[in-house]
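The values are calculated or read from the model by the stated rules, or taken from the named source; none is laboratory data. Worth saying up front: this structure is predicted, and the values here are computed from it rather than measured. Don't worry about glycine lacking a Cβ; one is built from the backbone with ideal geometry, like all the others, and counts go over all protein chains shown. Surface accessibility is based on the protein's heavy atoms, side chains included, excluding ligands, DNA and RNA. Shrake-Rupley method; radii C 1.70, N 1.55, O 1.52, S 1.80 Å.
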Amino acid sequence: MTKLTYKEKFIQMNKEAKGTWIVGFIICAFWWITGFGIYHLFPDARIFYMPAWFIISCFGSWILGIALIYVLLKTVFMDFDLDDNSSCVDVSQRDSTLKNQNNF
């Protein structure tokens, strides 16, 4: 697990969010292009008695999504602790403090 400063954590989270948005856009664009493109180029094409545009766009998007998420995990995403150690509170101390405050 990587130790990052507060600022570095937000920079990394922004990279991960941007990468995820880009992957989402690529998958949607692939779905639209293959769905409508294949239909217009080969309207009568069939795979397993189903329209080729449906099979390629739906299953292709699924496979492309898995591949792109794998690339994101290997290149963009980083394992780091989201917890800020300076703000950690020991629960046992908190509970005993609250118990003492409630005793009049």
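Things worth noting here:
- Simple point charges give the picture: +1 on the Cβ of Lys and Arg, -1 on the Cβ of Asp and Glu, and for segment 1-90 a dipole about the Cα centre of about 380 debye.
- Principal axis dimensions, segment 1-92 - Cα atoms, whole angstrom, descending: 67, 27, 18
- Additional length obtainable on full extension of the chain from I22 to F36, 0.36 nm per residue less Cα span: 2.9 nm
- L73 contributes about 100 Å² of solvent-accessible surface, heavy atoms of the protein only, 1.4 Å probe.
- Each of Y39, Y70 has its accessible area taken with a 1.4 Å probe; listed largest first, they run Y70, Y39.
- Cβ-derived FRET efficiency at R0 35 Å, F10 paired with D44, nearest 0.05: 0.10
- Accessible surface of V76 - all protein chains present, 1.4 Å probe, nearest 10 Å²: 40 Å²
- Partners for K74 among lysines (Cα-Cα distance below 24 Å; same-chain residues under 8 apart left out): K3, K7, K9, K15, K18
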